[in-house]
Amino acid sequence: MSIKVYLAILILTCLAGGYALEEALSIQFDNVHELSNKYNADLLWEKDLVRTGDNTAQFLISVDLILGSGNTYLIDGTYKKGVLLQKAFAKLSENASLLQNPHLLGASAEQVRSINKLLIQANDLSEGELFEEELSELLIQHDQLGYILASNIQNVTSEVGERLKHNNQILLDKKEDAALIRHIARALFALLIAAVWYWASKQISIPLRHLKESSASAVSGSSFEKTSYGPKEIIDLSYHLESITATLFHQASHDQLTGLYNRRAFERILKQQLEKGSNHIERDALCFIDLDYFKTVNDACGHAEGDKLLISVANILTENIRTSDVVARIGGDEFAIIYMGCTLEKALIISDNIRLAISNIKHHCENKQYQIGASIGVTEIEKSNQTITEILNTADIACSIAKESGRNKVYAYDQSSEISVRNSKKMLSVEQIKAAITHSAFVLYKQDIIPLNSQDISLSRMEILIRMKQADGTILDPEYFLPVAERYRLSNQIDHWVINRTIDWFNDHPHELNHTTSIFINLTAQSLADNELKMFIINKLKMSDFPADKIYFEIKEAAAISNIDDAKLFMQDLRLHGCKFALDDFGSGHSSYAYLKQLPTDIIKIDGVLVKEMTSNSVDYATVKSICEISKAVNQLTVAESVETDEIAASLKKLDVDFAQGFCLSMPEPLDCFHVDNNCTV
């Protein structure tokens with residue numbers, strides 16, 4: 001049946017029930033009304049009876065007076081009253097339903113008639129010797145007739161009173177019964193409507209609830225269960241929802257570009273494997289893949305060509321894995337594979353085949369050929385005592401070792417390996433990072449930025465650095481926690497803490513603020529798209545009346561280029577409030593110069609990788625030189641990072657680099673040690 005039929009049944013039931021209720025109440029009303037009318041008529045009849053009885057008593061008194069005194073002047077009036085009484089008794093006898101013996105009224109009329117005859121006889125008497133004797137005989141007859149008449153009237157009146165009292169009680173009982181029946185009928189009608197409503201709603205709501213639950217479970221990964229009962233519209237809707245939820249689940253669990261599983265779906269599947277526990281006999285392995293030199297292609301050829309390359313890599317992965325394996329794209333150029341029921345040795349063989357296939361990709365763009373590679377880390381999944389974070393971390397550590405070992409290699413994580421242990425110590429869990437954010441377990445450090453030429457050295461310039469303080473007092477460098485924070489999208493919360501704490505610190509130290517001209521604060525890629533963080537910075541600067549022109553937000557070149565639109569909007573909005581920007585790690589890509597015109601920066605920080613080798617590598621020297629020339633052309637200052645020797649500092653000064661930052665010039669130290677004209681004793 002359709003919903004219309006269920007509604008029609010509900011409406012018809014309401015109408016039929018309402019009609020039945022009306023009929024039942026109408027019958028009860030008519031019965032009560034009829035009894036009430038009958039009772040009222042009987043009351044009027046009783047009043048006539050009482051009035052007639054009173055007149056009869058007066059009549060008998062008058063007759064007794066006439067016959068007792070012999071005065072005949074009252075006979076005519078009394079006789080007429082007797083005639084009226086006869087008519088009254090006759091009329092009362094016509095409606096004597098209250099009486100069990102209605103003939104008493106007729107007998108009373110006859111007795112009145114007999115008494116009237118005595119009056120006629122008395123009137124015909126002539127005065128003489130027998131007059132008094134004759135009157136006496138008439139009086140005796142009158143007394144007999146009057147006694148019977150009075151007794152009849154008394155009996156009739158008493159019987160009528162009892163009967164009326166009984167009828168009144170019947171009427172009251174009937175009214176109470178009618179009221180009770182009315183309440184019961186209304187209650188039954190309400191129950192009927194409620195029952196039909198419950199039935200109809202149950203036929204509709206239960207299938208709808210089933211659809212809702214099935215849709216929710218389907219989106220979370222379970223299979224969608226169609227509804228096989230209920231209204232036709234809901235059954236049809238369930239078939240449509242089955243298709244829609246399947247589409248939504250696929251979109252929610254798959255990467256739109258490559259069609260592979262996304263990170264969320266991958267972690268869900270990995271969690272399901274771990275939940276199988278030790279009862280699951282077969283071992284699994286996890287493979288983490290980070291593409292080498294992908295950024296080179298992406299920067300040189302653009303995002304469209306980079307996307308094509310990612311699709312090619314995805315195709316290679318799906319072609320080289322087994323049907324039981326699960327492959328996912330978990331980051332920009334990062335992929336992961338769960339080898340189901342696979343030994344570590346077998347997983348290494350498959351992973352190496354994937355590495356070879358990826359290294360054989362020849363991507364052509366703008367008459368140039370690009371080649372990429374893949375650094376792959378493989379770890380065994382031990383379901384009994386591992387968490388998702390631990391497994392991903394070990395795979396990531398193995399991948400990092402493969403990359404550090406020269407890239408385009410496969411490395412298996414080994415707990416007994418010294419290099420694996422050393423890298424493990426560098427990786428904190430996401431739970432530890434969340435706890436640090438919650439409890440503000442961070443410390444601000446600063447590293448001075450030194451002018452190389454004619455800038456005023458009396459004013460301080462510094463980059464704000466962050467460290468994590470552990471429970472035992474150990475201070476951890478960012479490499480221990482920032483990569484994990486960025487992977488789990490927590491880096492913007494860390495940026496929020498750094499900005500807030502830095503502004504508060506300098507507000508609490510106005511003397512140091514007055515002697516500081518530049519405060520460099522790093523922003524991660526995630527923060528560039530965080531509108532809430534942007535509004536926080538603006539409001540913080542306004543409320544604290546902080547000199548915004550002293551703040552230089554550092555944005556890494558890779559983050560700015562990969563999020564060019566977000567970066568431009570973020571920078572433009574904050575520049576309106578006085579903030580300045582520095583492009584960090586400049587020169588690490590091959591298309592950096594093309595983006596310089598688009599990004600509203602004030603300072604370029606030359607990538608430390610180039611600076612470290614510039615005195616021994618002519619290519620790096622030439623690159624640094626060209627960056628200096630381009631910076632002057634676009635009217636931007638330059639800062640060289642990772643200046644670790646005096647020789648490098650001298651070379652940078654010859655190239656007219658404005659500022660330098662590195663261990664040979666200034667070591668990082670806690671911000672609390674910064675006091676103008678004082679040295680830190682910590």
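The values are calculated or read from the model by the stated rules, or taken from the named source; none is laboratory data. Here the structure is a predicted model, which is why all the values come from computation and not from measurement. Every residue, glycine as well, gets a Cβ built from its backbone with ideal geometry; the counts of neighbours run over all protein chains shown.
Please determine, by comparing only the residues of region 223-280 that are at pLDDT 85 or above and assigned to a loop (DSSP other than H, G, I, E, B), which one is surrounded by the fewest Cβ atoms within 10 Å (Cβ to Cβ).
Filtering region 223-280 for residues that are at pLDDT 85 or above and assigned to a loop (DSSP other than H, G, I, E, B), the one surrounded by the fewest Cβ atoms within 10 Å (Cβ to Cβ) comes out as Gln256.
Any idea which residue in region 387-406 is nearest to Pro483 (Cα to Cα), counting only those that are within 47 Å of the chain's Cα centre (by Cα) and loosely packed, with under 15 Cβ neighbours inside 10 Å? Please lay out each step first, then the result.
Looking only at region 387-406, we keep the residues that are within 47 Å of the chain's Cα centre (by Cα), and these are 387-404.
Then keep just the ones that are loosely packed, with under 15 Cβ neighbours inside 10 Å; that gives 387, 404.
Numbers: Thr387: 18, Glu404: 16 Å.
Residue satisfying both the conditions and the ranking: Glu404.
Can you say whether Glu134 is acidic (Asp, Glu), at pLDDT below 80, over 30 Å from Asn123 (Cα atoms) and part of a helix (DSSP H, G or I), as far as the supplied structure shows? Spell out how you get there, then give the answer.
Values: acidic (Asp, Glu): yes; at pLDDT below 80: yes; over 30 Å from Asn123 (Cα atoms): no; part of a helix (DSSP H, G or I): yes.
In short, no.
In region 317-343, how many are in a helix (DSSP H, G or I), surrounded by fewer than 20 Cβ atoms within 10 Å (Cβ to Cβ) and in contact (Cβ under 8 Å) with a residue 40 or more places away in the chain? Steps first, please.
Here is the first cut: in region 317-343, the ones in a helix (DSSP H, G or I) are 317-320.
Checking the rest, the ones that are also surrounded by fewer than 20 Cβ atoms within 10 Å (Cβ to Cβ) come to 318-320.
From what is left, the residues that are in contact (Cβ under 8 Å) with a residue 40 or more places away in the chain are 318.
Final tally of qualifying residues: 1.
How many of the residues in region 61-110 are within 23 Å of Gly161 (Cα to Cα) and either assigned to a helix (DSSP H, G or I) or of a type in the set (Phe, Trp, Tyr) (or both)? If you could, list the steps in order and put the result at the bottom.
Residues of region 61-110 within 23 Å of Gly161 (Cα to Cα): 85-109.
Now drop any that are not either assigned to a helix (DSSP H, G or I) or of a type in the set (Phe, Trp, Tyr) (or both), which leaves 85-94, 103-109.
Result for region 61-110: 17.
So the check is Cβ under 6 Å with 6+ separation or different chains; which pairs have a first residue in region 541-554 that's in contact (Cβ under 8 Å) with a residue 60 or more places away in the chain and a second one that's in a strand (DSSP E or B) and buried (at least 17 other Cβ atoms within 10 Å of the Cβ)?
Glu554/Phe520; Glu554/Asn522; Glu554/Ala582; Glu554/Asp584
Please enumerate the residues belonging to region 480-514 that are in contact with a helix residue (DSSP H, G or I) (Cβ under 7 Å, 6 or more places away or on another chain) and basic (Lys, Arg).
Arg489
Taking only region 554-609 into account, find how many residues are in a strand (DSSP E or B), among the basic types (Lys, Arg) and modelled with pLDDT of 90 or more. Show your work before the answer.
Let us first name the residues in region 554-609 that are in a strand (DSSP E or B), namely 554-556, 580-586, 603-606.
Still in the running and among the basic types (Lys, Arg): 556, 580, 605.
The next check asks that each one be modelled with pLDDT of 90 or more; those that pass are 580, 605.
Summing the residues that are in a strand (DSSP E or B), among the basic types (Lys, Arg) and modelled with pLDDT of 90 or more in region 554-609 gives 2.
So Ala90 fits all but one of (1) in contact (Cβ under 8 Å) with a residue 24 or more places away in the chain; (2) in contact with a helix residue (DSSP H, G or I) (Cβ under 9 Å, 6 or more places away or on another chain); what number is the exception?
(1) is the only condition that Ala90 fails.
If you check Ala8, Ala57, Ala16, which single one turns out to be among the hydrophobic types (A, V, I, L, M, F, W, C) and touching a residue at least 24 places away in the same chain (Cβ under 8 Å)? Show your work before the answer.
Working: Ala8 fails: touching a residue at least 24 places away in the same chain (Cβ under 8 Å); Ala16 fails: touching a residue at least 24 places away in the same chain (Cβ under 8 Å).
Result: Ala57 is the single residue among Ala8, Ala57, Ala16 that is among the hydrophobic types (A, V, I, L, M, F, W, C) and touching a residue at least 24 places away in the same chain (Cβ under 8 Å).
Based on this model, can you work out whether Gln141 counts as assigned to a helix (DSSP H, G or I), in contact with a Lys or Arg (Cβ under 7 Å, 6 or more places away or on another chain) and surrounded by 15 or more Cβ atoms within 10 Å (Cβ to Cβ)? Give the derivation first.
Values: assigned to a helix (DSSP H, G or I): yes; in contact with a Lys or Arg (Cβ under 7 Å, 6 or more places away or on another chain): no; surrounded by 15 or more Cβ atoms within 10 Å (Cβ to Cβ): yes.
No: the conditions fail for Gln141.
Looking at region 140-176, which of the residues that are over 30 Å from Gly70 (Cβ atoms) and free of Cβ contacts under 8 Å to residues at least 12 places away in the same chain is nearest to the chain's Cα centre (by Cα)? Write out each step before concluding.
The initial filter retains those residues of region 140-176 that are over 30 Å from Gly70 (Cβ atoms), namely 155-176.
Okay, now just the ones that are also free of Cβ contacts under 8 Å to residues at least 12 places away in the same chain, so 158, 162, 165-166, 169, 172-173, 176.
Details: Ser158: 80, Glu162: 74, Lys165: 69, His166: 68, Gln169: 63, Leu172: 59, Asp173: 58, Glu176: 53 Å.
Here the residue is Glu176.
Within region 515-522, identify whether any single residue is modelled with pLDDT of 90 or more, in contact with a helix residue (DSSP H, G or I) (Cβ under 7 Å, 6 or more places away or on another chain) and among the hydrophobic types (A, V, I, L, M, F, W, C), and answer yes or no. Outline the logic, then answer.
Restricting attention to region 515-522, the residues satisfying the condition of being modelled with pLDDT of 90 or more are 515-522.
Keeping just the survivors that are in contact with a helix residue (DSSP H, G or I) (Cβ under 7 Å, 6 or more places away or on another chain) gives 516-519, 521.
In the following step, the residues that additionally are among the hydrophobic types (A, V, I, L, M, F, W, C) were identified as 519, 521.
Yes; the residues of region 515-522 include at least one that is modelled with pLDDT of 90 or more, in contact with a helix residue (DSSP H, G or I) (Cβ under 7 Å, 6 or more places away or on another chain) and among the hydrophobic types (A, V, I, L, M, F, W, C).
Restricting to helices (runs of 4 or more DSSP H) lying wholly in region 443-539: which have 3 or more residues that are surrounded by 15 or more Cβ atoms within 10 Å (Cβ to Cβ)? Show your work before the answer.
Values: elements: 482-487, 491-508, 510-514.
Because the criterion is at least 3 residues that are surrounded by 15 or more Cβ atoms within 10 Å (Cβ to Cβ), the helices (runs of 4 or more DSSP H) in region 443-539 that meet it are 482-487, 491-508.
What are the residues in region 1-52 that are part of a helix (DSSP H, G or I), in contact with a Pro (Cβ under 7 Å, 6 or more places away or on another chain) and of a type in the set (Ser, Thr, Tyr), if any?
Of region 1-52, the ones part of a helix (DSSP H, G or I) are 3-52.
Then drop every residue that is not in contact with a Pro (Cβ under 7 Å, 6 or more places away or on another chain), which leaves 3, 6.
The answer is Tyr6, and nothing else.
For region 115-131, name all the residues that are modelled with pLDDT of 75 or more and more than 22 Å from Leu104 (Cα to Cα).
Start the filter on region 115-131 by keeping residues that are modelled with pLDDT of 75 or more, which leaves 115-124.
Residues satisfying the conditions are Leu119, Ile120, Gln121, Ala122, Asn123, Asp124.
Just name the residue that is modelled with the highest pLDDT out of those in region 610-632 that are touching a helix residue (DSSP H, G or I) at 6+ places or on another chain (Cβ under 7 Å) and not β-branched (Val, Ile, Thr). Don't jump to the end; show me each part of the working.
Restricting attention to region 610-632, the residues satisfying the condition of being touching a helix residue (DSSP H, G or I) at 6+ places or on another chain (Cβ under 7 Å) are 610-611, 613-615, 620, 623-624, 630.
When the remaining residues are screened for being not β-branched (Val, Ile, Thr), the result is 610, 613-614, 620.
Numbers: Leu610: 88, Glu613: 88, Met614: 91, Asp620: 87.
Ranking the candidates gives Met614 first.
Listed here are the residues, each with its yes/no results for (1) closer than 25 Å to Cys301 by Cα; (2) under 44 Å from the mean Cα position of the chain (by Cα).
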| position | (1), (2) |
| --- | --- |
| Ser324 | no, yes |
| Val327 | no, yes |
| Gly331 | yes, yes |
| Asn367 | yes, no |
